[in-house]
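Student: Please read through the structure below; I'll follow up with questions.
The values are calculated or read from the model by the stated rules, or taken from the named source; none is laboratory data. These numbers were taken from a predicted model, which means no experiment stands behind them. Cβ placement follows ideal geometry from the backbone for every residue including glycine, while neighbour counts extend to all protein chains displayed.
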Protein chains: 2
Amino acid sequence: MAKLFWVEDQSHWIDRFSAVLKQADLDGEPNHLEVYKFPEAAKQRIAVMTDQHKPDLALLDAHMNGSDQAGFSVSRALLKKWPDLPILYLSEHSGTEIEEQAITQNDAQDFIAKHQRNIEAVLCWRIKAALKKRQAQQQGEQARLRSGSLEIHTDSWEVFWKGVKLMNPHNPKRPLAPTPRKILRFLVERSPRPLSTEQIADLLEADLERFSYANYRQHIKTLRSAFDAAEGHSGEFAELCQQGRGIVTFGDAHAYFWKSDS
Amino acid sequence: MAKLFWVEDQSHWIDRFSAVLKQADLDGEPNHLEVYKFPEAAKQRIAVMTDQHKPDLALLDAHMNGSDQAGFSVSRALLKKWPDLPILYLSEHSGTEIEEQAITQNDAQDFIAKHQRNIEAVLCWRIKAALKKRQAQQQGEQARLRSGSLEIHTDSWEVFWKGVKLMNPHNPKRPLAPTPRKILRFLVERSPRPLSTEQIADLLEADLERFSYANYRQHIKTLRSAFDAAEGHSGEFAELCQQGRGIVTFGDAHAYFWKSDS
DNA sequence: TAAGCTGGTGAATAATCCGTGAGTTTTTAT
DNA sequence: ATAAAAACTCACGGATTATTCACCAGCTTA
């Protein structure tokens, strides 16, 4: 559960974004949102918060109630207590001195303009990215990609399905081979969008002359049997794929996609 | 002197920003700007760049010459060589899928819309902030290393495995040779990320012409037999490596990685 | 019903990886 | 300058991985 600490003085922005933020898929769980309309109230709250309430990320408006510095004072209060807390600004004053101050002097992780195309989505992407970065730093750089029961350690490239490490189906003592594991990663990263043969070839930096659809199919087969092996050859994964989850064919265009099982 | 690596396919943007970027006060010194108009040219250049040319920051356009992926392929080439290089996108397509891909999948440090108020200044602020963050990260490295049964005294460069000092396998009276020692240290420092031949060559500040994969392999062999010797030639370490711990081949990219035994 | 398509499969082949020993060159210490 | 140590090169071979091929089943369309 991601805990967000949000300070915003204008009600209409709160109305507009709170539902989006609560429901955004940041870590697969529902988010907890703590909103304050006044910087003073926020600061008082920060003073009494314990580590157990520590937010994962703060979202601030820089300019509030007529003062340029209101948001920054909240930021200072937060950073004093938790120096590594990522702070994002959400402001109407992009391109101004406020942005400069936020970025160069107040250790802002990001500064997002309120007035822009598709702002809700942009906000979610950036919060997600900030959380991811934070997590990577915290966990000693343990980069992980998760989707349902699947977990890919993107550093050591180990892949776990329901907690079991995926192995090479032809030789259970050996780990999943490089190309299949890359393909799996790309599929999960782009989930639930499909990846055509050409796109995979591009991502693999393979020659399109060499990398054919037959080829792609073969690697998908390897992957599927690796999943099956991890489940003790029970055929569960094959069933899952039948039901349109796991590794699924797209229907045409020689494409496959990954869909989380949960 | 900050070195910037910039890929941008449209001349008018290059004209508009190059002077600004050259003269921006990023670290108190004049900046060095390397500009490419074609992703292919950029990638070719990256392939032959050595550590001494390593840029401090890359500025990419995502969408170039009609392809959405052109910028990302440059990003991949850069990150493959220098995994911690900060990458900023400068794009006309903010709020679109391109931004999403950049931020959530391509480890973008930032994504800056070309069309915005005061863009020149914003660009400089953000570049400066990214460089500052990078520097702060680099300084936070530790002085002593421990990983499972392995301990490296980074001051005296002695290496202990299960409390036994690793010696040169060819001559048990002599300490482990410098290059294997360094390689082991880099592997452990980056654990559990793999280190390709290219990256090791970079870290050793060796010439890529000289430092080949065969070479790397040979040092790995030396290391493994040093571990084996420390265990009284029992073959335990070889077994450990078989099981994916200790010094492990990555299975791709001519890379190895270290994984703690505990 | 056949032809054309997609997508799954096993087996065969091709390519690559990686460990290895032996030898050569470069570096270092005396 | 000399010798020892370290770094590097090279080529081989077994193992592993990637790719190709031929075939089959199911579906759609003429």
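Student: What about residue A:224, is it of a type in the set (Lys, Arg) and under 24 Å from residue B:244 (Cβ atoms)?
Tutor: Values: of a type in the set (Lys, Arg): yes; under 24 Å from residue B:244 (Cβ atoms): yes.
So residue A:224 passes the test.
Student: Quick one: residue B:83 ticks every box in (1) free of Cβ contacts under 8 Å to residues at least 40 places away in the same chain; (2) within 13 Å of another protein chain (Cβ to nearest Cβ) bar one, so which box is it?
Tutor: Every condition holds for residue B:83 apart from (1).
Student: Report whether or not residue B:62 is in contact with a strand residue (DSSP E or B) (Cβ under 7 Å, 6 or more places away or on another chain) and surrounded by 19 or more Cβ atoms within 10 Å (Cβ to Cβ). Can you show your working first?
Tutor: Numbers: in contact with a strand residue (DSSP E or B) (Cβ under 7 Å, 6 or more places away or on another chain): yes; surrounded by 19 or more Cβ atoms within 10 Å (Cβ to Cβ): yes.
Taking the combined requirement at face value, the residue satisfies it.
Student: Mind checking which residues of the stretch A:214-227 are of a type outside the set (A, V, I, L, M, F, W, C), closer than 25 Å to residue A:261 by Cα and surrounded by 14 or more Cβ atoms within 10 Å (Cβ to Cβ)? Please lay out each step first, then the result.
Tutor: Of the stretch A:214-227, the ones of a type outside the set (A, V, I, L, M, F, W, C) are A:215-219, A:221-222, A:224-225.
From what's left, closer than 25 Å to residue A:261 by Cα: A:216-219, A:221-222, A:224-225.
Within the stretch A:214-227, A:216, A:217, A:219, A:222, A:224, A:225 qualify.
Student: Taking the stretch B:182-203 as the search range and keeping residues that are within 13 Å of residue B:153 (Cα to Cα) and crowded, with 20+ Cβ neighbours inside 10 Å, which one is nearest to the other protein chains (Cβ to nearest Cβ)?
Tutor: So the residue we want is B:188.
Student: When only residues in the stretch B:232-260 that are in a loop (DSSP other than H, G, I, E, B), surrounded by 15 or more Cβ atoms within 10 Å (Cβ to Cβ) and more than 11 Å from DNA strand C (Cβ to nearest atom) count, which is farthest from the other protein chains (Cβ to nearest Cβ)?
Tutor: B:245
Student: From the set of residues in the stretch A:10-32 that are at pLDDT below 90 and in contact with a Phe, Trp or Tyr (Cβ under 9 Å, 6 or more places away or on another chain), which is nearest to residue A:125 (Cα to Cα)?
Tutor: A:21
Student: Which one of B:76, B:126 is at pLDDT below 90 and within 14 Å of another protein chain (Cβ to nearest Cβ)?
Tutor: On the way: B:126 fails: at pLDDT below 90.
Checking each option against the conditions leaves just B:76.
Student: Now for a different question. Report whether or not residue B:4 is crowded, with 20+ Cβ neighbours inside 10 Å, among the aliphatic types (A, V, I, L, M), more than 15 Å from the chain's Cα centre (by Cα) and in a loop (DSSP other than H, G, I, E, B).
Tutor: On the way: crowded, with 20+ Cβ neighbours inside 10 Å: yes; among the aliphatic types (A, V, I, L, M): yes; more than 15 Å from the chain's Cα centre (by Cα): yes; in a loop (DSSP other than H, G, I, E, B): no.
No, not satisfied.
Student: Please report, ordered by residue number, the strands (runs of 3 or more DSSP E) entirely within the stretch A:139-186 with at least 1 residues that are in contact with a His (Cβ under 7 Å, 6 or more places away or on another chain).
Tutor: Working: elements: A:144-147, A:150-153, A:159-161, A:171-175.
It comes to A:144-147.
Student: Quick check, is residue A:121 assigned to a helix (DSSP H, G or I), surrounded by fewer than 21 Cβ atoms within 10 Å (Cβ to Cβ), within 11 Å of chain B (Cβ to nearest Cβ) and modelled with pLDDT under 90?
Tutor: Values: assigned to a helix (DSSP H, G or I): yes; surrounded by fewer than 21 Cβ atoms within 10 Å (Cβ to Cβ): yes; within 11 Å of chain B (Cβ to nearest Cβ): yes; modelled with pLDDT under 90: no.
Considered against the rule, which asks whether it is assigned to a helix (DSSP H, G or I), surrounded by fewer than 21 Cβ atoms within 10 Å (Cβ to Cβ), within 11 Å of chain B (Cβ to nearest Cβ) and modelled with pLDDT under 90, residue A:121 comes out as no.
Student: Applying the selection to the stretch B:165-218, what residues are more than 19 Å from the chain's Cα centre (by Cα), more than 7 Å from DNA strand D (Cβ to nearest atom) and touching a residue at least 12 places away in the same chain (Cβ under 8 Å)?
Tutor: B:165, B:166, B:167, B:169, B:172, B:176, B:181
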